[in-house]
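Read the structure below first, then the notes.
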Amino acid sequence: MVEISFCVKGHPPKKLSEKSMWALENVAPLIIELRKTALEARNKAGLTNPIKQKISLELKLFGSEKELEEMGDLDNLLSGVFDALQPKPNNPDLVPCKIFDLPEFIEISPEKAILFENDSNIYKIYAEKIVLKVEKYYTIFINFIE
């Protein structure tokens with residue numbers, strides 16, 4: 001069974017209730033880094049299309065206690081990861097940040113599904129913050145559920 005795993009420097013995008021993360025200039029680089037890394041991992045796993053099967057997703061965040069606290073709540077970070085790995089919502093009022101219009105980001109444009117079309121395919125979730133004296137980073141591990 002195919003599995004996908006990857007590591008991203010920094011911290012994941014965080015879902016905010018007041019405005020879409022896709023439109024925020026300070027969040028766009030986090031989305032871009034996650035989508036680029038996830039697409040590379042998907043391709044490396046031999047998958048040419050987004051996942052349509054049931055999956056489990058594990059998110060582990062590493063950093064100092066202060067960095068992990070500043071990242072925010074795990075539920076908002078999970079939601080941000082889920083949203084960043086699927087296409088942006090089909091909402092005419094949602095205008096993504098202009099950086100996504102750059103030619104180097106065509107493969108990861110907001111309209112494209114990177115790992116899945118819909119996060120409703122995620123049937124199992126595991127997340128944790130791990131205190132380490134390292135520069136902050138996070139890992140994502142995806143496993144297919146039979």
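Taken together, the values in this text are just the output of simple stated rules run on the coordinates, not laboratory data. Keep in mind that what you see is a predicted model, and the values were worked out from it rather than measured. So basically every Cβ, Gly included, is an ideal-geometry build from the backbone, and we count neighbours across all protein chains shown.
As an exercise, find the ratio Rg/Rh for region 79-120 from alpha-carbon atoms, using the Kirkwood inverse-distance average for Rh.
0.95
Mind jotting down a quarter of the surface of the convex hull over the alpha carbons of region 3-144, in square nanometres, one decimal?
Over all viewing directions, region 3-144 projects a mean Cα-hull area of 8.3 nm².
Taking a spot 7 Å from the Cα of Phe144 along the direction of its beta carbon, which residues of region 37-57 have an amide N less than 13 Å from it?
Correct set: 45-56.
Would you mind working out the magnitude of the charge dipole of the chain relative to its Cα centre, with +1 at each Lys and Arg C-beta and -1 at each Asp and Glu C-beta, to the nearest 20 Debye?
In total the dipole reaches around 260 debye.
I'd like the FRET efficiency for Ala45 and Glu128, computed as 1/(1 + (r/R0)^6) with the beta carbon distance as r and R0 of 30 Å, rounded to 0.05.
Computed FRET efficiency for Ala45 and Glu128: 0.80.
Can you tell me, using C-alpha contacts under 8 Å and at least 6 residues apart, the relative contact order of the chain as a whole percent?
46
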